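Notes for the one structure printed next.
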Amino acid sequence: MLLSIRRLVNTCIINTFPLNLLPRKLFNLANFFIASKFERGSVDYLPISMDVEPTTACNFKCTMCAVSMPDFTAKNMNIETFKKAIDDNPQLLKIKLQGLGEVLTNKQFFDMVKYAKTKGIVCETTTNGSLLNSKNINLLRDSGMSRIMVSIDGATKSTFEEIRVQSNFKVVVDGARQLIKQCKKKFLRPQISAWCVLQNSNYHEIYEIFELCRDMGFDDLSYQIQLTSWGGQEYWLDANKSKQINFNAEQVQNDVEKLKSLARDKNFALHIYEGNALTFEKQCEWPFRTSHITADGSIVPCALISDPEVVTLGNINEESYSTIWQSKDYKEFRENIKNNKLDDYCKDCYLEYR
């Protein structure tokens with residue numbers, strides 16, 4: 001409850017809210033909620049939130065991430081493309097600045113945050129924690145962001161650095177501690193969250209990760225239980241399948257229930273992310289609610305695909321976002337989701353295809 005109140009306060013007070021955009025935001029929000037409640041066939045609204053990828057450049061080569069491929073080419077989103085994405089979407093209430101890369105490697109990252117806030121848009125981000133030096137910590141603390149997520153994929157140096165290749169466990173933990181310490185000096189501050197991608201190589205530390213994150217002072221911790229194949233790419237289907245935990249195993253279910261009980265006892269918020277553990281009954285909501293804009297301006301179905309070479313629905317540098325959102329390709333994609341006629345790049349998120 002306190003976390004929700006803090007994020008609401010950030011939305012209403014910290015953000016510079018332009019009143020001239022309020023009618024458009026409210027009208028779109030009303031249409032969005034009506035469509036969500038009554039499941040109308042037409043999508044006569046625009047997303048209220050969106051993922052925007054500042055960069056695909058990263059100083060880590062995580063074993064489960066597409067960036068680790070030897071032929072991967074890094075790209076930075078330039079400020080002009082970012083402004084086009086924002087200006088095309090005055091109805092937005094929130095953006096999450098994240099993608100394949102480490103956001104703080106883009107030197108225009110804080111300019112992006114500043115510009116979004118002038119349009120009344122709340123900003124969240126995810127960082128690998130490697131660049132949390134004094135300068136970046138102060139900038140993040142004072143940026144007015146609503147939420148900052150730090151990836152914590154191990155409780156020990158050996159486990160963490162085995163998964164997050166080229167990382168330094170101590171640098172990440174020390175930087176995250178300082179970020180939390182500095183932010184907690186302010187009443188109006190971002191929510192500081194830990195995010196852990198569970199897999200076979202760190203599952204033995206599931207309790208230790210919980211205790212580490214609580215001890216560090218994070219506001220909450222999320223466990224992601226399903227690895228992605230980055231749009232059904234053959235290499236990643238095989239590679240990440242071998243790393244994948246069996247979430248339905250009795251031992252795993254018991255551990256999760258124990259952790260939930262422990263979290264309640266210690267008053268520490270714990271979440272299990274199942275956004276890519278879908279079924280024909282619990283269908284994907286991405287194409288009806290939001291989009292992912294990649295570093296080059298491409299619109300891809302979701303952050304779990306991320307790669308415009310797998311599929312792209314358009315590019316904001318070539319046409320307006322609203323034109324892409326209402327395009328024939330996007331409408332066909334939504335119909336396929338509704339009718340469970342999944343494209344190959346969506347199948348790995350559904351239990352029926354695993």
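The values are calculated or read from the model by the stated rules, or taken from the named source; none is laboratory data. Everything quoted here is computed from the prediction, not taken from an experiment. Every residue, glycine as well, gets a Cβ built from its backbone with ideal geometry; the counts of neighbours run over all protein chains shown. Surface accessibility is based on the protein's heavy atoms, side chains included, excluding ligands, DNA and RNA. Shrake-Rupley method; radii C 1.70, N 1.55, O 1.52, S 1.80 Å.
Overview of results
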item: Meets criteria (over 25 Å from Glu234 (Cα atoms), open to solvent by less than 50 Å² (accessible area, probe 1.4 Å) and either touching a Phe, Trp or Tyr at 6+ places or on another chain (Cβ under 7 Å) or of a type in the set (Val, Ile, Thr) (or both)) for Leu313; result: no
item: Enumeration of residues in segment 187-204 that are within 26 Å of Asp142 (Cβ to Cβ), in contact (Cβ under 8 Å) with a residue 12 or more places away in the chain, out of contact with any helix residue (DSSP H, G or I) (no Cβ under 7 Å at 6 or more places or on another chain) and open to solvent by 20 Å² or more (accessible area, probe 1.4 Å); result: Trp195
item: Hits in segment 273-310 (condition: open to solvent by 40 Å² or more (accessible area, probe 1.4 Å) and assigned to a strand (DSSP E or B)); result: Tyr273
item: Answer from Phe60, Phe38, Phe32 - the residue that is farther than 18 Å from Gly120 by Cβ, surrounded by 20 or more Cβ atoms within 10 Å (Cβ to Cβ), at pLDDT 70 or above and out of contact with any helix residue (DSSP H, G or I) (no Cβ under 7 Å at 6 or more places or on another chain); result: Phe60
item: Boolean, Phe218 is within 19 Å of the chain's Cα centre (by Cα) and surrounded by 20 or more Cβ atoms within 10 Å (Cβ to Cβ); result: yes
item: Scope segment 341-354; condition touching a strand residue (DSSP E or B) at 6+ places or on another chain (Cβ under 8 Å) and either surrounded by fewer than 17 Cβ atoms within 10 Å (Cβ to Cβ) or part of a helix (DSSP H, G or I) (or both); matching residues; result: Cys349, Leu351
item: Count of segment 101-140 residues which are open to solvent by 20 Å² or more (accessible area, probe 1.4 Å), farther than 26 Å from Asn31 by Cβ and not hydroxyl-bearing (Ser, Thr, Tyr); result: 12
item: Members of segment 205-251 found to be in contact (Cβ under 8 Å) with a residue 24 or more places away in the chain, more than 30 Å from Val311 (Cα to Cα) and in a helix (DSSP H, G or I), listed by number; result: Glu205, Ile206, Tyr207, Glu208, Ile209, Phe210, Glu211, Leu212, Cys213, Arg214, Met216
item: Of residues in segment 302-317 being hydrophobic (A, V, I, L, M, F, W, C) and within 17 Å of the chain's Cα centre (by Cα), the one nearest to Gly99 (Cα to Cα); result: Ala303
